[in-house]
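**Q** I'd like to ask some things about the structure below.
Just so you know, all these numbers are worked out from the coordinates, no wet-lab data involved. Just so you know, these numbers come straight off a predicted model, no measurement behind them. So basically every Cβ, Gly included, is an ideal-geometry build from the backbone, and we count neighbours across all protein chains shown.
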Amino acid sequence: MKKLAVGLLLAAVAVGLALVAARGGGPQSATASSHREAPLIAQDPTADNTDLYAFVSPDKPDTATIISNWIPGEDPAAGPNWYTFSPTARYDIYADTNGDGKPDVTWQFRFKDMPGQFFLGNTQQSYTVTKIANGKTTVVGSGLLTPPDNIGPRTTPNYDQLAAKGIHELSDGSTVFAGQRDDPFFADVGAIFDLVAIREGTGATGGGKDFLAGYAVHSIALQVPKSMLDNGTNHTVGFWAATDRQKVTVSGGKAKQSWVQVSRLGNPLINEVLIPTNKKDYWNSQSPASDGQFKTYYSNSILAAVLEKLYPKFGPFKQTGRSDLVEVLGTGIPKLNYTGPKVMDELRLNLSIPPTAAGKVNNLGVIGGDNAGYPNGRRLADDVVDISERVVGGELIGHKLPLGDGVDANDVPFLSTFPYVAAPFSGYDDTHGQLSAKHS
Ligand SMILES: [Ca+2]
Ligand SMILES: [Ca+2]
Ligand SMILES: [Ca+2]
Ligand SMILES: [Ca+2]
């Protein structure tokens, strides 16, 4: 069968056709995955979760690694006002070990700007990590430093060594890194404005253009002992990440300060593909514990309906009663990472499944026969666009189509050790997505 290029279509739905003016008045760029997917969060990039990853660490299989990214579409050359975590936001990573949609372990990150040290400002920040577990709140790291953004060989020479100094041990035996990294999400979203003009030759085996190549995000990576998360029965833990901002309310003449969640992310593409646009900001404010209210959008797929319309000759695409999608994205897959009947958006990782050896990894994950990948957790290399298209297309209900966006890998290699995410391109390189530029 001819390879399809439905990736462009998925991306179009995913992005909500967002056009982004890059910071610093640079070139315009569309973004993807959970990058600027809802109207309000698009106005608040430093709070915008873009992607979440969780996997058993390939080089330290007694630990799990959770990587959460924020700030979509960082153009490394968009100085002099570079990118930093917001000092007024709280960045949260949650782990649910008993399938009730409520966190059992929470890590909270607060960042502080530091006095100017470089010409035209400083992008290095200090931060505090607070852990909440078993009803106890403990500061497990403070005065930790991010590396500065990768500005260029004169301001930030030997960037890899500089970034390595941003790896810290926490007092509970975990390891942490926070700072600018290459955006590990890869997808062809460049042709989304003209659905008819699908790129010649684009398919599931290369030929697409990685729209996010050359762009960066801000990552928080945590490596934690599995023993901290393993429930000892189904060994499955569900992760999500979120951002909170402070809100002041006045009542009876008294000002009261509280935190309000403005962004969240578990599985990739939930808010983009499943949730209707008029509910996307509301969805960002909710928690997995109350995700049952969104179940109808899992079982009745807007994307399947769009596929049917645009590709009738490959149909019929099942549009309603999609219990397979409820399972994969809402409850977990029986005998793999099922967490119970409660529908909730958590990235579920069965900690008892060992990492797949390098060279044997299938980036189609579970549907490619590799149970150590998405949707059992998510590795950096997992091709979640192709996987999502195929599953929505009906892969698990006997309607197998070789869907894909033609971008099969990230533009730069991942690291083999923590924090695994590649270094960002430098501003001096000024790649604007050109793969020929030197990666330093
Ligand atoms: Ca987002
Ligand atoms: Ca829980
Ligand atoms: Ca990339
Ligand atoms: Ca792909």
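**Q** For the stretch 281-435, what Kirkwood radius comes out of the mean inverse Cα-Cα distance, in Å?
**A** Working: mean 1/r = 0.0572 Å⁻¹.
Every distinct Cα pair counted, the radius reaches 17.5 Å.
**Q** Tell me, what HN-Hα J-couplings in whole Hz come from the Karplus equation 6.51 cos²θ - 1.76 cosθ + 1.60 at θ = phi - 60° for each residue of the stretch 161-170, using x for Gly and Pro?
**A** For the stretch 161-170, the Karplus-derived couplings read 5, 4, 5, 4, 6, x, 8, 10, 8, 9 Hz, x marking Gly and Pro.
**Q** Quick check: pseudo-label points 7 Å beyond the Cα along Cα→Cβ at residue 326 and residue 60, how many nm apart are they?
**A** 4.0 nm
**Q** Here is a follow-up. So what J values fall out for the stretch 36-49 if you push phi through Karplus, 6.51 cos²θ - 1.76 cosθ + 1.60 with θ = phi - 60°, rounded to Hz, Gly and Pro as x?
**A** 6, 8, 10, x, 6, 5, 5, 8, 9, x, 5, 9, 8, 5
**Q** Which distance in nm do the two modelled labels at residue 128 and residue 44 give, with both placed 7 Å along the Cα-to-Cβ direction?
**A** 2.1 nm
**Q** Starting from the Cα of residue 279, move 7 Å in the Cα-to-Cβ direction to define the label point; list residues of the stretch 329-347 whose amide nitrogen is under 16 Å from there.
**A** Those under the cut-off are 329-331, 343-346.
**Q** Still on this structure, I have one more. Short version: ³J(HN,Hα) in whole Hz for each residue of the stretch 402-415, in order, from phi by Karplus 6.51 cos²θ - 1.76 cosθ + 1.60 (θ = phi - 60°), x for Gly and Pro, what are they?
**A** With coefficients 6.51, -1.76 and 1.60, one gets x, 6, x, 9, x, 10, 9, 7, 5, 6, 10, x, 7, 7 Hz.
**Q** Taking a label point 7 Å from the Cα of residue 136 along the Cα→Cβ vector, which residues of the stretch 222-254 have an amide N closer than 17 Å to it?
**A** 225, 227-230
**Q** Compute for the stretch 334-384: radius of gyration divided by Kirkwood radius, i.e. Rg/Rh, restricted to C-alpha atoms, rounded to two decimals.
**A** With Rg and the Kirkwood Rh in hand, the quotient comes to 0.97.
**Q** Continuing with this model, one more query. Quick one: if you stick a label point 7 Å off each Cα along the C-beta vector at residue 161 and residue 235, how many nm between them?
**A** 4.1 nm
**Q** Can you give me the orientation-averaged projected area of the convex hull built on the Cα atoms of the stretch 7-397, in nm²?
**A** On the way: hull surface 82.7 nm².
Spelled out: convex hull of the Cα atoms, projected over all directions, averaged, 20.7 nm².
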